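Quick notes on the structure that follows.
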Amino acid sequence: MKTEILSQEKNVVEAKAQFTAEEVTKAVESTYKKISKQANIKGFRKGKIPRRTLELYFPKDAVYAETMENLIPDAIDKMIEEYELKLIAEPDVKPGEIKEGEGFEVTVKFEVTPQFDLPNLEEIEVEKTVYETTDEMVEDQVKRIVESRAEMVPTYEERPLTKDDYASVQYDTFLYYEDGSEKKAEEGQKTEIFLGADTMRPEVVEALVGKAPGETVSIELPVEGEEAKKDHVVKSRYEIEVLGIMKKTTPELTDELVIEITQSKHKTTGEFKEEVRKQLEAAAENQSKENLKDTIVNKIAGMVEVDVPMTLIERQKDSIRKQQAERIKRENNMTMEEFFEKSGMNKESYEAELDMAAMNIVKRALVLEAVAEANDIEWTPEELTQEITSIARMSGVDPKKLQDYIYGDRDRLFEMAEKIRNRKTVDYLVTTVKVTEVPEKKAEEKVEKEAE
C-alpha cells in the first residue's frame, strides 16, 4: 500500500492510499476464509467450505464490501501514523471501486489540530497581582466565623411581623392535581425563616408581614418544573402558622469560644486571629497564583494567530450547554427553555456569548497543547495513579475501584490524563515567562487608567 498527501488547506488534510492488485486479491481471499469459518452450509464443516460453494451463497458485491471495510481502517491508520496526523473529527472517507485482481484507491479527508507558531516564551512579560491581607479583612472574617455560631432564640413578643424579622413557623402543604384531586403532602413541618432573605418568595413575605404569633395564613403557589408536570401537579397551598418571633444572638469572642471553635488548637483570641490571618494570606497567595496562570495562558492565546476549527468550537459549545442545562435543572428544576422564558434572557445574546466563551476555551486548549508538544511535556502513569488516589480519598471511595472504573472508560481516562498534562504545562509556563509582582492597589490603578 502506498499513500500520498493530495492537499492541505488550513487544518484539513486530504490523502490517498493505493492498494496493489495483489494486495486486493489477498484481502478478498482473506474475506472468503473468514466467511468460511462463520457460515452454516449443510454438508460442510465451518472453515472447510470451498470458495466456489461460498460464491453460490454470498454475492460478490457483499464480499467486496466487507473486504473494503477491512482495508480502509489499515489505510487510515497508516496515513495517520506516516504523516503524524492529530485528528479532531472522524475522517471523511471516499473509497473507489474495488474488484479482485485490480488495484484499489481510497481518498480520505482528515480534520486535524491546526498548526501555528508560538512566541518566544522567555520574552513574554506578565504581572502577578499580590493581594494584601488587611486588619479589617481579618476582623471581618473573624466576625463571620463567630456569627456562624449564632443561635435563634424566642423573643416572646406578641406584635405583628415585619420584613426584618426572624420567625418560627409551622406549616402544612397541600398539592392539587389536574384531575381536581387534592393531597396533603406535609403536615406539622416546623422551621425558622428570615423574612428579609433574598431567597424568600415575595408571596410568602407579603402574606406573613403583619401577622402576629398564633395567626395563620393560607398561600397558593403555582408548581413549576419537570417533576410537577410529570406528576400532573398544577398548584400547591401552604397553611402557615406563626409560632413566634425570634432573634439572632451572636456569642462574644472570648478565649473560651476560641477553644470551642478550634477544638483546643488555639486558646486565646490573639492566637485565633493570627491563624485567621495566615489562612487569608494563604488564600490570597493561591488566588494570585491562579490569576497569574490565567493571565499567562490568555496572553499567549492573544499573541498567536490560529484559525480555530468550527468543529472544536461547536463541540465546546455543546459541552457548555450540557453543563449549564444540568446546573439549571439541579438548582432551579427547570429546562433551558423554561429558564429562558422565566429569566427573560435573549437567546441570540446567549448564543453570541456562548460562541465567544467556546472560542476562548478552545484557543487556550490549543495553546497548551502546542506548548506541551514543543517542550515534550507528558503525563506519566505514576501521576495518573496519584491523581486517581487523591480523588478517591476526597470522595471517600476505594482507589482501586475508582482506578478500574476510569481505566475502563477511555474518554474519562483521556480527560484525566489531559488535565494532568495541562497542569504541568501551565506550571512550566509560570517558570519560563518573565513575572513581575505588582501590589493589588497598583494593579487596580493600572486597570482604571486603561479603562479611561
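Bear in mind that the values in this text are calculations on the coordinates, not laboratory data. Since the structure is predicted, the reported quantities are computational estimates derived from the model, not experimental observations. So basically every Cβ, Gly included, is an ideal-geometry build from the backbone, and we count neighbours across all protein chains shown.
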_Cα-Cα separations in the stretch 151-249 greater than 23 Å, expressed as whole percent_ = 31
_Local net charge near Val63, Cβ-Cβ under 12 Å (Lys/Arg +1, Asp/Glu -1)_ = -1
*If you place +1 on the Cβ of every Lys and Arg, -1 on the Cβ of every Asp and Glu, and leave all else neutral, what size is the dipole of the stretch 2-111 about its Cα centre, to the nearest 20 Debye?*
1020
*In the stretch 222-322, with Lys and Arg counted as +1 and Asp and Glu as -1 at Cβ, which of these residues, Asn291, Thr268, His232, has the Cα nearest the positive end of the dipole, that is, farthest along it?*
His232
*Among Met68, Ala301, Ile391, flag the residue with its Cα farthest along the positive direction of the charge dipole of the chain, charges on Cβ as +1 for Lys/Arg and -1 for Asp/Glu.*
Met68
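Of the listed pairs Lys363/Lys419; Lys400/Lys424; Lys2/Lys86; Lys293/Lys419; Lys60/Lys99; Lys317/Lys347, which have alpha-carbon separations greater than 18 Å here?
Lys400/Lys424; Lys2/Lys86
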*Hey, if you put +1 on the Cβ of every Lys and Arg and -1 on every Asp and Glu Cβ in the chain, which of Gly103, Ser7, Val153 ends up farthest toward the positive end of that dipole?*
Gly103
*asked:* Please list, short to long, the whole-number percent of alpha-carbon pairs of the stretch 1-119 in consecutive 10 angstrom bins beginning at zero.
replied: 13, 36, 25, 16, 8, 2, 1, 0
*Using a basic spin-label model with each label point 7 Å from the Cα along Cα→Cβ, how many nm lie between Glu440 and Glu105?*
6.8
*Mind giving me the nanometre distance, one decimal, between the label points for His232 and Thr295, set 7 Å out from Cα along Cα→Cβ?*
6.2
*Assign one of three labels to the stretch 260-451, namely rounded, prolate or oblate, based on the Cα gyration tensor with a ≥ b ≥ c the square roots of its eigenvalues; rounded applies when a/c is under 1.5, prolate when it is not and a/b is larger than b/c, and oblate otherwise.*
rounded
*When every alpha-carbon pair in the stretch 286-355 is counted, what percent end up more than 16 Å apart?*
66
*Report the net charge of residues surrounding Val217, where surrounding means a beta-carbon distance below 14 angstrom and charges are Lys +1, Arg +1, Asp -1, Glu -1.*
-4
_Explain nothing, just the number: dipole magnitude of the stretch 266-331 about its Cα centre with +1 on each Lys and Arg Cβ and -1 on each Asp and Glu Cβ, in debye rounded to the nearest 20._
300
*Scan [x] 41.4; [y] 27.8; [z] 37.8 for the value of mean projected area of the Cα convex hull in nm² calculated from this model and give just the label.*
[z]
*Within the stretch 1-100, which GluC sites (Glu not before Pro) sit in a loop by DSSP and count at most 11 neighbouring Cβ atoms inside 10 Å?*
Glu84, Glu97
*How far is it, in nm, from the label point at Asp164 to the one at Glu448 when both lie 7 Å from their Cα along the line to the Cβ?*
3.3
